[in-house]
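The numbers here are math on the coordinates, done by the rules we state, and not lab data. No experiment lies behind these values; they were computed from the predicted model shown.
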Amino acid sequence: MTAQPAPGSRKRIRKSAPTVRERVEAARMKAEQPKKRPLREATRPLRRIRRPQNRFTKGLAAALRPIGRVLRLIVPSYFANAWREVRQVSWPNRRETWRLTFAVFIFAVIFGSLVYGVDKVLGELFQRLILR
């Protein structure tokens, strides 16, 4: 006989952890949403500041305006994209960090010894064959 669930109780459903593909799709959907302009909100108080109006400052402002527009578009998106990439990194724990550091150290010692050995052998050959 199979056990019958008590009346009024529901079957328990376990939700599995999202897969890598599901996480990427969720991040892509989030990235496609319209973006807010936090820089515009942050600089709102500065727009009320009155700037001195003379011919030099007006000419300088007109000359630098295209550069400012390009920087306003590029720089905030660069930092936002960089932060998004940093959040996607899976950082190693302390034990794994030490293990990988030790592996790099061992590799460097072995490779350095190999280069030293080849250099020594070629140096001896050069001394004996060419500089007799």
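Results, tabulated for the structure shown:
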read-out: Residue-span extension gain [V115 to V86] - 0.36 nm each, minus C-alpha spacing; value: 6.8 nm
read-out: Convex hull per residue volume in Å³, alpha carbons only, for the stretch 90-132; value: 52
read-out: Stretchable slack from V75 to K30, in nm (0.36 nm times residue separation minus alpha-carbon distance); value: 14.2 nm
